[in-house]
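Here's the structure, in structure tokens; my notes come after.
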Amino acid sequence: MFREGESPERGHRPAAVFRERWLALVAAAVLPGTGRDAAFRLRKDAGPDGFAVESPSGEVIGHLELFDERLLDGLRCGESLLRSPQSLADLLEAAGQVALERAGAILDVRVS
């Protein structure tokens, strides 16, 4: 798996190598978000509504009942996937045909 714009012909080494294509696709999907500044921050001290989730500008955009940095990491990853059509396409391809068909049926009910 190469970063965008890189190739072995240009002398680059792969950013990651996996035995299975679906894992390479997942890595390709999340890689662009790993170099970005954090889209969300979690305040260390709980307030009356729980632990505040802040935007990069410091605006409180939500609250968590528990101090859960892993949930925030997941939010960052999801947000990064939504920013990049290429990343989202890589993730959907990795999911496979059955998952895509089922997701399509779920979305058909939700948006119809």
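Readers should treat all values here as calculations from the given coordinates under stated rules, not as data from a laboratory. This one's a predicted model, so the numbers in the text were calculated from it and none came from an experiment. Because the Cβ atoms are built from the backbone with ideal geometry, glycine has one as well, and the counts that use them run over all protein chains shown.
For L107 paired with L92, estimate the spin-label separation in nm (one decimal), with each label point 7 Å from Cα along the Cα-to-Cβ line.
So the two model labels end up 0.4 nm from each other.
Rank G78, V98, A27 by how far each Cα sits towards the positive end of the charge dipole of the chain (+1 on Lys, Arg Cβ; -1 on Asp, Glu Cβ) and give me just the farthest.
A27
Given just the C-alpha atoms of the stretch 47-112, how large is their convex hull per residue in cubic angstrom? List each step's numbers first, then the result.
Numbers: hull volume 9.4 nm³, N = 66.
Enclosed volume per residue, from the Cα hull, is 143 Å³.
Can you tell me the dipole magnitude for the chain around its Cα centre, using point charges on the Cβ only (Lys, Arg +1; Asp, Glu -1), in Debye to the nearest 20?
Working: 14 positive and 18 negative charges, 68 e Å.
Result for the chain is approximately 320 debye, rounded to the nearest 20.
Compute the helix-to-body angle for 69-83: its Cα long axis versus the longest principal axis of the chain, expressed 0 to 90° and rounded to tens.
Compared with the principal axis, the helix lies near 50 degrees.
Rounded to whole Hz and in sequence order, give me ³J(HN,Hα) for the stretch 86-100 from the Karplus expression 6.51 cos²θ - 1.76 cosθ + 1.60, θ = phi - 60°, writing x for Gly and Pro.
5, 5, 5, 5, 4, 5, 5, 4, 5, 5, x, 5, 4, 5, 5
Please compute the modelled spin-label separation between I61 and R10, points set 7 Å along Cα→Cβ, answer in nm with one decimal.
It works out to 3.1 nm between the two label points.
What span do the alpha-carbon atoms of the chain cover on each of the three principal axes, reported in whole Å from largest to smallest?
Answer, in whole Å and largest first: 55, 42, 23 Å.
For the stretch 69-98 and the stretch 1-35, what is the centre-to-centre distance using only Cα atoms, to the nearest Å?
15 Å
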